[in-house]
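Just below is one structure, and these are the notes that go with it.
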Amino acid sequence: MAVRKLLLAAVRKHWLAVTGGTILMVALALIGLVPPLIMRSIVDEAIPSGSLATLAARALLLIGLYAGCSVLSLVSSTLFVVTSQKILHEVRRSVFRHMVSLPLEILEKNQTGYLTARMSEITALGPLFGSGAFKTVVSALEFVGVLIIILTLNVPLTFVLLAFLPAFYVATRYVSGGYRRTSKALFQTGGLMSGKLQETFQGMSEVKSLGLEDKRAGEAIRLSSEVARVGIKQGQVAIFGTEAMILIGSLVSTSLLFFSGRGIIAGTFTLGGYLAFSAYVGKVLGPFSYVMTYAQTIQPALGALDRLDEFLRETTERTRYAGKPAVARVERVEFRDVAFTYPARPEKLALAGLSLDLRRPGVVCLVGPNGAGKSTVVRLLLGYYTTYQGEIMINGRELRDLDVLAWRRKVAIVSQEPFLFDGTVRENLELVEGIDGGGALERLNGNTAVATLVARLPQALDTPVGEGGRRLSGGQRQIVAVLRALLREAEVVIFDEATAHLDAEVKDVLRGAIRTLFVGKLCLVITHDSTLATVGDVTVHLEDGRVVGTETSAGEPAPVTG
């Protein structure tokens, strides 16, 4: 599994701390074998001898051993807590980088909330690296040492104890298996519920305007009911396992008391031996108790591993395009008989044999009704999908044979609904790769057309935008997107319904900006706005994923390209 390789790599990075903590736990287990023997000597030797000095010496030794165990336990547990959090940080970092590098066609198969839930489940991996995991392993080693000791104390009593181990094993397996099955179902359904809730909250205005409150709430409640059903089942597994262990433990204690008492009465066993043997019983049953208790935390972690592996097995774009050549200077972009269907709508052709020839410098306008394929052209041009038929050529090279990540850095897009990050306009602009901080912003602000755009922002570049740009109007968000495109200094600039929320004055500014600020570039303008369409050297009309006509800026018809 890809996720296990990731975990092993993270553990190897902190192997020294893990090894140190494990050594301390082994030492703790070995020291823990001694106190019951001292207790026996106190009861069978020190007390009958009447020597207070002997009693005090052995009591002090016992106290010292307990204190040493506490110190070792404190140090090892602290070491594991710190190390486990560092390992989780490594895992989160790697998983997040992997997931944001996945192709869009893979990410779009899942709701945003579902993806977020998968990321949050990384915390559930903590028990894999905590002290509990290593205590379970150490307790198994401790079992061997204890078995040897109790055989020297009383052989028949040891076999009585061992007779109950199969029952402990069955109970432990039942709890472990049940927790794994129910934990997987809980996380899966919980992720779906999270996705449904996030989708509802993101579209709350639409939910309210369409009167869908009860319907959307009902969908989330249905998933919540399923979570509750599985949770009850998991709780029943835990209760049954716990009660079974208590019952078996009670039978063990009663049986040992009976056989020990019989031995003491017969003079073949001592009270001190019984106390020591009873103290070791917990260590013999320890591995089973640890496994059952640990199952309640480890099984959710194992379930999270399975779900994370679902994404980590997917090939990232970095891997897909590694070693492929980058585009030098963009001169020509061609769509040659391109056909495409979206994975979510395989029955409908989004593009049906579309051919375009875009050359730099120049401004090409794509116009057409909704569903004509205009935005699909943009998504394919950015390499978001690779399952199209036909060819998309950049300077005569097929896009799928190029480094698409490097290609995207040459493209800037001003969309109808640009996404902005929480902060100020300035902070959003400073996120643009390659700019030299405030200097580039100030030079940009010196342009008259840019100054007109910036003046429409309440506090200019220091205007807070809010999460997703919610504190700005649609037009103000598009102004920020235009500024962002200018700072990119890209060779290809795409305006995807960029004037949808702009007033007439700003539209005029943007129309002039396309001709003056983006001079020398290849501009692709997608619009319903007839006034903006006049800015193009060529206007291409799309319908049903095909080119149905083209005309020059003078309004003269041109041959249909496909």
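The values are calculated or read from the model by the stated rules, or taken from the named source; none is laboratory data. All values derive from a computational prediction rather than experimental measurement. Cβ coordinates were reconstructed from backbone atoms using ideal geometry, including for glycine residues, and neighbour counts include every protein chain displayed.
Scanning segment 367-401 for residues that are under 18 Å from residue 528 (Cα atoms) and either in contact with a strand residue (DSSP E or B) (Cβ under 8 Å, 6 or more places away or on another chain) or among the aromatic types (Phe, Trp, Tyr) (or both) returns 367, 368, 369, 372, 373, 374, 375, 376, 377, 378.
Screening 30, 24 for residues that are assigned to a helix (DSSP H, G or I) and loosely packed, with under 15 Cβ neighbours inside 10 Å leaves exactly one candidate, 30.
So, residue 372, is that one of a type in the set (A, V, I, L, M), assigned by TED's automatic domain parsing to the domain that holds residue 415 and either free of Cβ contacts under 8 Å to residues at least 24 places away in the same chain or surrounded by fewer than 18 Cβ atoms within 10 Å (Cβ to Cβ) (or both) or not? Answer is no for this residue.
The selection criterion, being closer than 30 Å to residue 39 by Cβ, assigned by TED's automatic domain parsing to the domain that holds residue 46, among the small types (Gly, Ala, Ser) and modelled with pLDDT under 80, does not hold for residue 253.
To keep it simple, each residue is scored yes or no on (1) in contact with a strand residue (DSSP E or B) (Cβ under 6 Å, 6 or more places away or on another chain); (2) under 17 Å from residue 281 (Cα atoms); (3) at pLDDT below 75.
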{"residue": "97", "(1), (2), (3)": "no, no, no"}
{"residue": "107", "(1), (2), (3)": "no, no, no"}
{"residue": "132", "(1), (2), (3)": "no, no, yes"}
{"residue": "157", "(1), (2), (3)": "no, yes, no"}
{"residue": "166", "(1), (2), (3)": "no, yes, no"}
{"residue": "169", "(1), (2), (3)": "no, yes, no"}
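Results for (1) surrounded by 16 or more Cβ atoms within 10 Å (Cβ to Cβ); (2) under 39 Å from the mean Cα position of the chain (by Cα); (3) within 29 Å of residue 187 (Cα to Cα), shown as yes or no for each residue.
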residue: 216; (1), (2), (3): yes, yes, yes
residue: 219; (1), (2), (3): yes, yes, yes
residue: 238; (1), (2), (3): yes, yes, yes
residue: 254; (1), (2), (3): no, no, no
residue: 261; (1), (2), (3): no, no, no
residue: 272; (1), (2), (3): yes, no, no
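Scanning segment 235-262 for residues being touching a residue at least 12 places away in the same chain (Cβ under 8 Å) and either more than 21 Å from residue 282 (Cα to Cα) or acidic (Asp, Glu) (or both) gives a total of 1.
The lone criterion from (1) in a loop (DSSP other than H, G, I, E, B); (2) modelled with pLDDT of 90 or more left unmet by residue 327 is number (2). Restricting attention to segment 271-324, the residues that are modelled with pLDDT of 85 or more and in a loop (DSSP other than H, G, I, E, B) add up to 3.
Note on segment 384-412: among residues that are free of Cβ contacts under 8 Å to residues at least 40 places away in the same chain and not basic (Lys, Arg), the one that is nearest to residue 318 (Cα to Cα) is 399.
Filtered by the rule that a residue be farther than 12 Å from residue 379 by Cβ, over 30 Å from the mean Cα position of the chain (by Cα) and either outside the structural domain of residue 543 (by TED's automatic domain parsing) or surrounded by 16 or more Cβ atoms within 10 Å (Cβ to Cβ) (or both), segment 339-351 gives a lone residue, 349.
Taken over segment 407-432, the residue count meeting the criterion of being of a type in the set (A, V, I, L, M) and in contact with a strand residue (DSSP E or B) (Cβ under 7 Å, 6 or more places away or on another chain) is 4.
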